[in-house]
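The values are calculated or read from the model by the stated rules, or taken from the named source; none is laboratory data. A quick note: this is a predicted structure, and the numbers were derived from the prediction, not measured. No Cβ is skipped: glycine too gets one built from the backbone with ideal geometry, and neighbour counts run over all protein chains shown.
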Amino acid sequence: MADIALPGLDPTSDRPVFKQIADHLRTAMDRGTLPPGSKVPSESQLMSHYGVARMTIRNALQILQSEGLTVAEHGRGVFVRSRPPVRRLASDRFARRHREQGKAAFLIETESAGGKPSVDSIHIDEVPPPEDVAKRLGMSKGEPVIMRSRRYLIDGHPVETAVSYIPARVARGTQIAQPDSGPGGIYARLEELGYRLDHFDEEIRSRMPLRDEVRALRLAPGVPVFHLVRTAFAEGGQAVEVCDTVMSSDAYVLSYQLPAR
């Protein structure tokens, strides 16, 4: 415990001892005494400091893990989670200048955060769209879409899954229907096809992840996700894509600039 000073227990408090210990460790993380990536004092060290049983310490550590603040590595110990957040600047991420430079939004944001972006698990198919997607795209019943499913990673760690739906009459036979959609991504390809993008509508909510999402994003217990649904509109008001995205909430900061008039 030489590297970190933790307070003692408050015998007058009605708060359970294991919760007091969790509070002390959480405060140390908030203040930077236990910075991201650092090792939490061992069970033996904490038992000695607080004078409590091992199970009490384990209960305290379990609270922090359930809150998504720590991660246990077998044979090494418990560490403060260290996944630097990507700042997702909504007012700039789909600017046309990025597409003209051949860069998609995820690439720009990740590189700005100092991370190495990559994409895997790419799957493409022509399918009937979910009912909600068909409604957002203004499609007739039975009209198919090109579905592009992929997973985004930062420094090899998955942070986001996304499924795009583009009307098949728009994307069939184009690079949009290929695993590599080319520089600037599918939005650059849509504009090359004559669908000059005008605006995007996004809906975001926070929720706990589904079982498949936990596996796909390798989420620690207690970490929620952002569920975002975006609709891309071309000039003239035509919806040309719906993207259903699930993001690990501890990997992103959602940043907005809103006009005051």
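Working only within the stretch 221-238, note down all residues that are small (Gly, Ala, Ser) and either in contact with a Phe, Trp or Tyr (Cβ under 8 Å, 6 or more places away or on another chain) or part of a strand (DSSP E or B) (or both).
Within the stretch 221-238, 232, 234 meet the criteria.
Give the stretch 73-129 a look and list any residue that's of a type in the set (S, T, N, Q) and either in contact with a Pro (Cβ under 6 Å, 6 or more places away or on another chain) or modelled with pLDDT of 90 or more (or both), or say none.
82, 110, 118
Can you tell me which residue among 173, 156, 185 is over 18 Å from residue 234 (Cα atoms) and either in contact (Cβ under 8 Å) with a residue 40 or more places away in the chain or buried (at least 18 other Cβ atoms within 10 Å of the Cβ) (or both)?
Residue meeting the stated conditions: 156.
Can you pull out the residues in the stretch 174-198 that are outside any loop (DSSP other than H, G, I, E, B) and within 23 Å of the chain's Cα centre (by Cα)?
185, 186, 187 - these are the residues of the stretch 174-198 that are outside any loop (DSSP other than H, G, I, E, B) and within 23 Å of the chain's Cα centre (by Cα).
For residue 149, only one of the following conditions fails: (1) out of contact with any helix residue (DSSP H, G or I) (no Cβ under 8 Å at 6 or more places or on another chain); (2) in contact (Cβ under 8 Å) with a residue 40 or more places away in the chain; (3) among the small types (Gly, Ala, Ser). What is its number?
Among (1) out of contact with any helix residue (DSSP H, G or I) (no Cβ under 8 Å at 6 or more places or on another chain); (2) in contact (Cβ under 8 Å) with a residue 40 or more places away in the chain; (3) among the small types (Gly, Ala, Ser), residue 149 violates only (2).
Exactly one of these conditions fails for residue 215: (1) part of a strand (DSSP E or B); (2) free of Cβ contacts under 8 Å to residues at least 60 places away in the same chain; (3) under 30 Å from residue 71 (Cα atoms). Give me its number.
(1)
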